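The values are calculated or read from the model by the stated rules, or taken from the named source; none is laboratory data. Note that the coordinates shown come from a computational prediction; the quantities given were computed from them, not determined experimentally. Ideal geometry is used to build each Cβ from the backbone, glycine not excepted, and the neighbour counts take in all protein chains shown. Each accessible area value is taken on the protein alone, full model and side chains, heavy atoms only, with ligands, DNA and RNA left out. Shrake-Rupley method; radii C 1.70, N 1.55, O 1.52, S 1.80 Å.
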Amino acid sequence: MRSVVVSSLTLSGAVGVFALSFGVLSVSAGASIAQTCALSLFTFTGASQLSAMSVIGAGGTVGGALGGALLLSARNGVYGLALAPIIKGSLRKRLLAAHFVIDETTAMTTAQTDPRLQKIAFWTTGIGLYLFWNLGTLIGAILGSGIDPQKYGLDVAFTAAFVTMLAPHLRTTKGRQAAVLGALICLVLIPSAPLGVPILAAGLAVFVGLRRS
Amino acid sequence: MIAAASSAMSWSLVIALSAGALAFKIAGLVVVGTRKLPVVLERCLVLIPAALLAALVAKDTFSRAHQLGFDERLAGLVVAVIAVWRRAPLIVVVILAAATTALLRAAG
C-alpha cells in the first residue's frame, strides 16, 4: 500500500511542475489568471486544457478551440468504462469520482490488481493530482505575465507533454495508424481550414478502428 | 505557438469545456458504467487519443497559424521523443525539450 501512495504522490508532484508551464502558457495565450485557474479546477483534464489554449494561442476562435478539446476529453468517458467495476458506492461518491477520471488515475488504478489497492491508487492519485495540478496552475499563471514563453522554450512544453501522453497509445498497430493518419489530416488542413478544425478533423482517423484487425 | 495580438479567450470557452469534459467523465463512469457498449464503438473510441495527440504534436511543431514549416521547435520534439523512448519521467521530458529549443533560439 505504501508504494502505491508514494508513486501516486510522486506522479502528482511531477504533474504539478508541468501545471506551472500550463499556467504560464495559458496566460500568455490570452487567458486571465482566473480563467486559467478555472480551467484546471473545473475542466481538470490536461490534454484538453492544453489543446484549447494551443488553438487560442495560435489565434483560433472559441469554437475551433472547443471542438478538438471536447473530442479529446471524450476519452475520459472510455476510461470511466474501465474504472466502473472498481469505483462503486453511492451516486454522490461516483459523481465526485467522475471528476478524477483522467489519464493518470486510470493508468495508476489499472496498474494494480488487488481491488483494495486499486481504490487506494484511484483516490490518492486523483486527489493528489488535483491539488498539485491546481497549485501549479495558479503559480504558473501568476508568474506567467512576467515570462516570455518563447525565450524559455515553454511553447515546446505542450508538445513534449503530448508526446509523453501519446507514447502508450502507439503500442498497437491501430494506435500507430490512427496517429499517423491524424497527424497527416491535421497538416493537410492547416493551410486552408480555420484554426482548430484540423485538430477536430484528425479525429476522423479513429475510423481505422472499424476494421477488426 | 505565438501569443495572439487579440485573443479569443473567453469565459464561455471555460464553461463549455468544463461542462462538456465533466459530461464525458460522468457518461462513462456513472451513466454507462458496467453496461457493455458495441465493440466496434469501443474500438474507435480508444483511438481518439492517438489521433488527436499526434495531430497536436504535428500542429505545434510544423505550423504557425496557417503556415507550414519547421524551426527550433523540431529539435525540441526530437529530444522529447528520445527522452520518452528512454522512459524519462514527464518532467524531465518537458525540461529537456524546452531547454533544447530555448538554447537554439538563444544561439540563433
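Just tell me how shielded A:187-193 is by partners: mean number of partner chain Cβ atoms within 10 Å of each residue's Cβ, no decimals.
The mean count of partner-chain Cβ atoms within 10 Å per residue comes to 4.
With θ set to phi - 60°, apply the Karplus curve 6.51 cos²θ - 1.76 cosθ + 1.60 along the stretch A:171-182 and write out the HN-Hα couplings as whole Hz, x wherever there is a Gly or Pro.
With coefficients 6.51, -1.76 and 1.60, one gets 6, 9, 4, 4, x, 5, 4, 4, 5, 5, 5, x Hz.
Using a 7 Å offset from Cα along Cα-Cβ at A:Ile142, what residues in the stretch A:30-45 end up with backbone N under 20 Å from the label point?
Those under the cut-off are A:30-42.
Please give the per residue accessible area of chain B, computed with a probe of 1.4 Å over protein heavy atoms only, in Å².
50
In whole Å, how far is the Cα centre of the stretch A:52-74 from that of the stretch A:139-153?
If we compute the Cα centre of each part, the gap is 21 Å.
What FRET efficiency, computed as 1/(1 + (r/R0)^6) with R0 = 35 Å and r the Cβ-Cβ distance, is obtained for B:Ile82 and A:Thr10, rounded to the nearest 0.05?
0.95
Could you work out how far the C-alpha centroid of the stretch A:94-111 sits from that of the stretch A:4-30, in angstrom?
So the separation of the two Cα centres works out to 17 Å.
Give the residue list of trypsin sites (Lys or Arg not before Pro) in the stretch A:144-182 that are DSSP loop and have at most 15 other beta-carbon atoms within 10 angstrom. Working shown, then result.
Numbers: sites: A:Lys151, A:Arg171, A:Lys174, A:Arg176; in loops: A:Lys151, A:Arg171.
Listed in order of number, the matching sites are A:Lys151, A:Arg171.
For A:Lys88, list the lysines whose Cα falls under 23 Å from its own Cα; do not include residues on the same chain fewer than 8 positions away.
The reachable lysines, counting only those whose Cα sits under 23 Å from A:Lys88, are A:Lys119, B:Lys25, B:Lys36.
Per-residue mean of other chain beta-carbon atoms within 10 angstrom of the beta-carbon, peptide A:50-59?
Taking the mean over all residues of the peptide, I get 6.
Can you send over the carbon and sulfur percentage of the accessible area for the protein assembly as shown, probe radius 1.4 Å, protein chains only?
Carbon with sulfur: 72 percent of the solvent-accessible area.
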